[in-house]
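Notes follow the structure.
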Amino acid sequence: MADLGSGAFAKLLQYRSAESIDAVVVSHMHADHFLDVIPMRYALKYGRRSNGRRVALYLPPGGEEMLRRLTEAFTPESQHDFIGEVFDVRTYEPGRTLRVGELEFRFAPTSHYIPTFALRCDGCGGSLAYSADTAPDERVAELAQAVDAFVCEATLRCEEEAEMPRGHSSAREAAAMATRAAAGRLVLSHYPATIEPAELEREARAAFAGPVSVADDGFRLTLGG
């Protein structure tokens, strides 16, 4: 799975167990994209387990050091490595392909406030790109070329597009990147609760001719045949 932000782990448990996850890939080290690694750690450590396998946790360069600094506050309860007990912590190289089972991940840097990497996943009969957090960026559109689905953030209202500096996109800008990528479908994500989904969809459809969805809790997307 890609990113594990605040509240994501509880939603994940509605569909599958923590131990059944093969890997977590984190795009960048902002709390709303990785903080639920901590409750997942507790579930893996103290929950019912049918195996002792450590879940692979792929972090961006510098991410492991930051995560370990954060979790130092929790270490007195354990004589062991707080994170390493249940996670196989690794650092991915953004310029290289990462293989997890039958899936291949590729990365591209984004335009955000800290080093952040969009990712593309190919395998199992489908392809998907995920923008992570970014202002409009040709590198992200290039990574998403001809994917079945492009999951892109839509944090800003269209009237906020001129704000500089910034590290986010509007629904219209997400749609423009999807068009440049010739993506099969656009899925809008990472939008504030103050923006109505219908408004996001309307803005995106003005710049993208393909199917548009607005992701929410319980949203499911099937790729390939």
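When the chain is fully extended, how far beyond the present Cα-Cα distance does Glu93 get from Ile38, taking 0.36 nm per residue of separation? Please report the intermediate quantities before stating the final value.
On the way: separation 55, 0.36 × 55 = 19.80 nm, distance 2.32 nm.
Working it through step by step, the gained length comes to 17.5 nm.
Take the Cβ atoms of Ser20 and Arg68, set R0 to 25 Å, and the FRET efficiency comes out at 0.45. Loop-located chymotrypsin sites (Phe, Trp or Tyr not before Pro) across the range 100-159 with a Cβ neighbour count of 10 or fewer within 10 Å are lacking, with loop assigned by DSSP. Listed values for the range 81-86 are Karplus-derived 3J(HN,Hα) couplings in whole Hz (6.51 cos²θ - 1.76 cosθ + 1.60, θ = phi - 60°), namely 6, 3, 8, x, 4, 10, and x replaces Gly and Pro. Per-residue ellipticity at 222 nm computed for the chain from its helices equals -6500 deg cm²/dmol, with DSSP H segments shorter than 4 residues left out and the rest contributing -39,500 (n - 2.57).
Full-extension gain between Cys124 and Ala193, please, as 0.36 nm times their residue separation minus the C-alpha to C-alpha distance. Walk me through the numbers before you get to the answer.
Details: separation 69, 0.36 × 69 = 24.84 nm, distance 3.32 nm.
Difference between extended and current length: 21.5 nm.
For the chain, the average shadow cast by the Cα convex hull is 12.7 nm², which is a quarter of the hull's surface.
All of the numbers you see were taken from the coordinates with simple rules; none came from a lab. Note that the structure is a prediction, hence the values are computed from the model and not measured. A quick note on method: Cβ atoms are made from the backbone with ideal geometry, for glycine too, and the neighbour counts reach across all protein chains shown.
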